[in-house]
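Presented below is the structure to which this report refers.
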Amino acid sequence: MRVPAHLRTMVGEGGESFDAATVLESLREPVFAVDANRDVAFANARFLEIADLERAEAVGADYGLFDGLVEDGFEEFNRAVEAVLAGRLEDVRVEVEMCHPESAPVQRRLPAEARVARIRVDGERRGATVTLRDVTAREANRRALERQNERLEEFASFVSHDLRNPLGVAVGHLELARETGESSHFDAVERAHERMDSVVRGLLALAHDGEQASDPDPVSLPATVRRCRETVDADGLTLRVETESTVRADPDQLCHLLENLFRNVVEHAGPHSTVAVGDLDDGFFVADDGPGIAPEDRDRVLEGRRATDDDGETGLGLRIVGQVAAAHGWEVALTEAASGGARFEFTGVDVVE
């Protein structure tokens, strides 16, 4: 094996010593070195193994051969090598996405960190070493942390969004109690506070349990519809209950779903709209008499991406609707109501009676 002069440095003093090439050959991390002319001067056995190259193919070749092993990030890697060879940097690390030959004894695609470090011999710049390190575990942890942060942000948005209505109800009735002195308003304030508590507990359960409803029980659909209507701050909203069904659902999450649909009617159809809740063969529907939702927008609505929102809403409430339905294993279809408004159909529901 031809060993470049700058890699013949002896390691250790006293006892047995090893030259640098021997040490590099023993590493399980792929390592190669380039000289000042940008040619590969050394490649250890592990690099040749993952690159599926013979030593004669690698040593003496331009380090651009590394491009064939990189799916993404070679330009940044190239800039790092040039900066080290030019003396602008001593040591730099860049992330690349490796794409190994199918014959290589490693996973075909792997995230890796390429560390480029300057080689000096007697104070003179002689080239650079490149060490590759598999960072699959680190990348998985980073992505998991990103997902966790996104989930936390989403949860905070859900809590803020769903607390607005009961909080508004509580504030409104508290003002009325102060103006009129009627104690009945305090009962409404108490109910609003209870609703806020259930909102927090329900969303915590939804965030914790993810894809599955936490505690499905037989729930009276008409009673739940009427109870949820009380927490929506819109005196002019007319409710038509056209069902007597009992369904198996998490009662708090079902209330989240209905409240957000009622609120959506108020926000987009106006406070003096009518909303109807009725039966389907294997579920129920919620329909309104508002302007409806254009067919091209319907697929985006339950993802929280409404095409246009005059009041700046992002469609978060309808995203909650979709998430609650998914947690119960229900299918959701958005169609046009007989009145021309929006009609949300929930099927796959366990109808008890």
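Laboratory data are not the source of any read-out in this text; all were calculated from the coordinates shown. The model shown is predicted, which means the values in this text are computed figures rather than measured ones. In this analysis, Cβ positions are derived from the backbone assuming ideal geometry, glycine residues included, and neighbour counts consider all displayed protein chains.
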Residue-ordered couplings for region 118-130, obtained by feeding phi - 60° into the Karplus form 6.51 cos²θ - 1.76 cosθ + 1.60 and rounding to whole Hz (Gly and Pro as x), are 6, 9, 10, 10, 6, x, 9, 5, 10, x, 8, 9, 10
Fewest-first sequence of His100, His268 by Cβ atoms within 10 Å of each Cβ: His100, His268
Sorted from fewest to most neighbouring beta carbons within 10 Å, what does the list Asp289, Asp281 look like? Asp281, Asp289
What are the residues whose amide H is under 5 Å from the amide H of Ala61, where those residues sit 5 or more places off or on another chain and H is modelled from the backbone? Val40
Got a sec to turn the phi values of region 90-105 into Karplus ³J(HN,Hα) couplings, 6.51 cos²θ - 1.76 cosθ + 1.60 with θ = phi - 60°, whole Hz, x for Gly and Pro? 8, 8, 9, 10, 9, 9, 9, 10, 7, 9, 7, x, 4, 7, 5, x
Diffing region 258-271: the Karplus 3J(HN,Hα) column from phi (6.51, -1.76, 1.60, θ = phi - 60°), in whole Hz with x for Gly and Pro, holds 5, 4, 5, 5, 5, 5, 4, 4, 4, 5, 10, 10, x, x
5 angstrom amide H check on Val219, placed H, neighbours 5+ away: Val247, Arg248, Ala249
Net charge near Asp289 (other residues with Cβ under 12 Å of its Cβ; Lys, Arg +1; Asp, Glu -1) is 0
I want the local charge near Thr131. Using Cβ-Cβ distances under 9 Å, sum +1 for each Lys or Arg and -1 for each Asp or Glu among the other residues. 0
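For region 90-154, just say rounded, prolate or oblate: build the C-alpha gyration tensor, square-root its eigenvalues into a ≥ b ≥ c, call rounded for a/c under 1.5, and beyond that prolate if a/b exceeds b/c, oblate if not. Intermediate values should be presented prior to the final figure.
On the way: a/c = 4.94, a/b = 1.71, b/c = 2.90.
Oblate.
Based on the Kirkwood radius over alpha-carbon pairs, what value in µm²/s does the Stokes-Einstein equation return for the translational diffusion coefficient of region 64-109 at 20 °C and 1.002 mPa s? Please list the in-between numbers first.
Values: Rh = 11.5 Å.
Value of D from the Cα-based Kirkwood radius: 186 µm²/s.
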Non-local amide H neighbours of Gly127 (under 5 Å, H modeled in plane, Pro and chain starts lacking H): which ones? Ile119
